[in-house]
Amino acid sequence: MADTTLVIVESPAKAKKIAGYLGPDYTVMASVGHVRDLASKASELPESLRKEPWAKLAVDVDDRFQAYYVVHESKKKTIADLKRALKDADELLLATDEDREGEAISWHLMEVLRPKVPVKRMVFNEITPEAIREAVANPRDLDMQRVEAQETRRIVDRLYGYPVSEVLWKKIGREAKSAGRVQSVAVRLVVDRERERIAFVTASYWDLTGQFVADAGSFDARLTGVDGVRVATGNDFDQSGQLRKGAVVLLDEARATSLAEQLSGVSFTVRSVVEKPGQRQPKAPFITSTLQQEASNRLRWGSQRTMRVAQSLYENGYITYMRTDSVNLSEQAVSAARSQAAQLYGEQYVAAAPRTYASKVKNAQEAHEAIRPAGDVFRTPGEVSAELNADEFALYDLIWKRTVASQMANAQVATTTVKLGAVAADGTDAEFTASGTVVVFAGFYAALKDIVDADAADDDSRERELPRLGEGDAVVGERVTADGHATTPPSRYTEAKLVAKLEELGIGRPSTYASIMSTIVDRGYVWKKGSALVPSFTAFAVVRLLEEHFTALIDYQFTANMEEILDLISVGQADKVAQLEAFWRGGHAVGGADFPGVKPLTEDLGAIDARGIATFPIPGSDAALRVGRYGAYVERGEERANVPVDLAPDELTAQKAEQLLAEPSGDRALGTDPATGLEVVAKSGRYGPYVTEVLPEGSPKSAKPRTASLFSSMSLSTITLDDALRLLSLPRVVGTDPADGVQILAQNGRYGPYLTKDKDSRSLGSEDEIFTVTLEQALALFAQPKQRRGRGQARPPLREVGTDPTTGLAIVIKDGSWGPYVTDGVTNASLRTADDPATLSVERASDLLSERRAKEALEGPSPKKAAKRAVKKAPAKRAAATKTPARSKAVAAR
């Protein structure tokens, strides 16, 4: 072993942890992720290449797709520090992550550092003393086939993203910020689901629910048959609201109500009792996508938050590598899970033999185990609770339980199904069904006893015991009620469900899911309504253009085939240059049909009708929806009306379009304020309709007219002068607190009505309460426990969001000097551009706060503003891009 070894990992946290295991003969440093990337513009290339036709791509498409890389300005100090450390080292160990991205980072480090000492690749799946010692003792060479695969992916993304994005800008506008090989397909999925919702026709149906009493006890049952024919349920209707083929009886309100009246108080006979034993099997250990889905279901987290917390757990030695699509566990991990299950719950709770699981992921290829607790002996959540913050503990708890449960015995259940019937007064034979399930042996449920299985859709997944009944027993329908139902459109994707769909289609990889989710939100193609992903109208225009003119690029199968090609390149079974040639100029790709090529597709734009692409008919209306340079609007002839940014596409009905068009498009004069003599007008603004005063000409620039937003119950077309004057009179003085003499005001904010008393505030239930709330009611509100607050937050909250599901603290939105932000009284986090304060969900607010806490834990709290001001530096020299022919030739010669 060399006297001094430099070990390079990706993150400072990982470097600190590993350094503690290796001792003084090792220097462990971090690259802090990628150290270089493709040049982003032609000006970053050497001057002799800047006028080449391919320069803006930073990929020489005429010379074997050579890539030109540039070291980012922010990484130059890191590179300098690594070079200095390398001078004193006798050996270099590249210990970046084991997946393709990590392999590529190691190669880029070699290219930039140009080491003159022996170089080896150090890989590990968990950060424990044993795993690190094992990795140091068994290094390997850099896997250039993996590097080739990652570089191919990066080049494909550039060859797709740059040319196609330019088409979007030209034909739709800058609202269409970008296109991407995977991001555009993800947006298409969200748009397709919204199209299904728009096309959906609601159907109504009725059934009966009965409360029955027997000698052994009472229970509920539902009507399932009428005269021997099954009663229709929501599953019997298609997308158009029509009954699918099959023998069912559809009850309307009149028939259902009549039957309910006839059957109430009637004696029923038990026609059959079927008891059936069953069992439930534990799920496989977590992979990246299932961890994100479970965190979404249980913790209401977004993908980015889940991966950020998982990264922290991995880097600090608590779990194995978190980007994986393998469900396998090592022999040591299986043994650890089985031993812990036996110790905690008893030998009978352990599966008879070690369990193995088959991957359900297409082309599962990442060379890792499933996500599990680190080490050969798992630490229980109780043992690590004092070492972890709230987020880390919540995720570790999920991972530990899932891992241990995966090696436990099946849960044994007993399901009883009872059918009972009676004949109504009109001769109708009615049959009701009740089902109950009880757990006979908990098995793996013992490890999950405090988790409600949110994935279970069937009622029999919940424990429900029926009274002991026998065939022929008499029971009384004590109360029978008619229940009306309406079919609902398919639910929108959440982040977790969209990741699951992408995985099902074979699109994307564990390392990309979280970034895909953030990209489609940050680019404005998707916004969140609660946790549901709603496509913007711009997304509709983009997807339509891509479907009609770049069909292959947005095809699900093509995108999945591209992943397969990358897999083949990573194992040396496909040639990188040949595949890039087919992708760029057209040709036959491995495992797929002939591809037309990005270059020819993006060269002829004459066939694209920009106006037609951005125009969508509104069913039942002669108006149309158009996507313009500044957003979406409704158009009919010369009439136009802006569409609110928070209006979901499936909510733009013919009725809504008429309502928007009916709103005055210009200023509407309401009259003169008798108190001031100023004219009062109603206007439509960026943040909705409002009323304001018209100041006389010659008024000083410092003069500001009174302005007030309309209540949600008001409209521009119907608001009166009296209404406007009441709004302009706000804030309203409610009264004075007799205890301290402080005045209480009622007012309306951009995000809702509220009361203020000095620096304290309370939200009101409705806008109408601004004018009706009494002093006594206001005092009662202020008497309630005050929300926890941080220092210096004098401004009243704009909106109360809810309770953070992880920390239990109340979250509010406030308006700060730099815009709206969320706070729980301890941590503050600014809202992103795509976040609407009026609709921000508690899940999203919790994610923002979690991200901020993680950043502060890494960097420390933000310094005071005065200390933030940095001396303006001279412009830095342009980064020099480098060509990579030498490596390509070396690879080709292998």
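Mean sequence separation of contacting Cα pairs (under 8 Å, at least six apart), scaled by the length of the chain, corresponds to a relative contact order of 13 percent. You can think of it this way: the chain between Phe771 and Gln743 has 8.5 nm of extra reach, that is 0.36 nm per residue less the Cα-Cα gap.
Within 9 Å, Cβ to Cβ, of Gly225, how many net charges do the neighbouring residues add up to if Lys/Arg are +1 and Asp/Glu are -1? Working shown, then result.
Details: positive: Arg230, Lys419; negative: Asp227, Asp429, Glu431.
Combined, the nearby Lys, Arg, Asp and Glu give -1.
Just to verify a number: FRET efficiency for Asp622 and Glu547, C-beta to C-beta distance, R0 = 22 Å, to 0.05?
On the way: r = 25 Å, r/R0 = 1.15.
Efficiency, from the Cβ-Cβ distance: 0.30.
The trypsin sites (Lys or Arg not before Pro) of region 751-784 meeting both criteria, a DSSP state outside H, G, I, E and B (loop) and at most 12 other C-beta atoms within 10 angstrom of the site's C-beta, are Lys759.
Near Met562, once Lys and Arg are set to +1 and Asp and Glu to -1 for all other residues with Cβ below 9 Å from its Cβ, the sum equals 0. Residue separation of Arg479 and Lys701 scaled by 0.36 nm, minus their Cα-Cα distance, works out to 72.7 nm of gained length. Full extension of the chain between Leu605 and Ser729 yields a length gain of 39.1 nm, computed as 0.36 nm times the residue separation minus the alpha carbon distance. Among the trypsin sites (Lys or Arg not before Pro) found in region 61-101, not one is both in a DSSP coil and sparsely packed, with 10 or fewer other Cβ atoms within 10 Å of its Cβ.
For the chain, which whole-number percentage of the solvent-accessible area (1.4 Å probe, protein heavy atoms only) is attributable to carbon and sulfur atoms? Taking all protein chains in place, the chain shows 50 percent carbon and sulfur surface. Modelled label positions at Asp836 and Gln279, each set 7 Å beyond Cα in the direction of Cβ, lie 5.1 nm from each other. Rounded to 0.05, the FRET efficiency of the Ala662 and Tyr630 pair, given R0 = 25 Å and the Cβ-Cβ distance, is 0.70. A simple charge model with +1 on the Cβ of Lys and Arg, -1 on the Cβ of Asp and Glu and nothing else charged puts the dipole of the chain at about 3960 debye relative to its Cα centre. Of the residues Ala85, Ala541, Thr803, the one whose Cα sits farthest towards the positive end of the charge dipole of the chain is Ala85 (charges of +1 on Lys and Arg Cβ, -1 on Asp and Glu Cβ, taken about the Cα centre).
Beta bridges per DSSP, both residues in the chain: antiparallel share near 90 percent.
Within the set of other residues whose C-beta is less than 11 Å from the C-beta of Ala104, count the net charge using Lys and Arg as +1 and Asp and Glu as -1. Don't jump to the answer; show the numbers that get you there.
On the way: positive: Arg36, Arg100, Arg146, Arg153, Arg154; negative: Asp37, Asp97, Asp99, Glu101, Glu103, Glu111, Asp143, Glu148, Glu151.
For residues surrounding Ala104, the net value is -4.
Residues in the chain average 48 Å² of solvent-accessible surface per residue, probe 1.4 Å, ligands and nucleic acids excluded.
Taken over the chain, the convex hull of the Cα atoms encloses 250 Å³ per residue. So how far apart, in nm, are the two label points at Ala675 and Asp220 if each is 7 Å from Cα heading toward Cβ? About 5.4 nm separates the two model spin labels.
Ranked highest first by the average count of other Cβ atoms within 10 Å around their residues, in what order do 159-167, 178-186, 671-679 fall? If you can, show how the numbers build up before the last one.
On the way: 159-167: 19.7, 178-186: 22.8, 671-679: 12.6.
For the peptides 159-167, 178-186, 671-679, the packing ranking is 178-186, 159-167, 671-679.
Each peptide among 575-585, 37-47 gets the average number of other Cβ atoms lying within 10 Å of its residues, and from highest to lowest they stand as 575-585, 37-47. FRET efficiency for Ala80 and Lys51, Cβ-Cβ distance as r, R0 = 41 Å, nearest 0.05? Taking R0 as 41 Å, the efficiency between Ala80 and Lys51 is 0.85.
The values are calculated or read from the model by the stated rules, or taken from the named source; none is laboratory data. What you are looking at is a predicted structure, and each value in this text was computed from that prediction instead of being measured. All Cβ positions, glycine included, derive from the backbone under ideal geometry; neighbour counts span all protein chains shown. Accessible surface areas use protein heavy atoms only, side chains included; no ligands, DNA or RNA. Shrake-Rupley method; radii C 1.70, N 1.55, O 1.52, S 1.80 Å.
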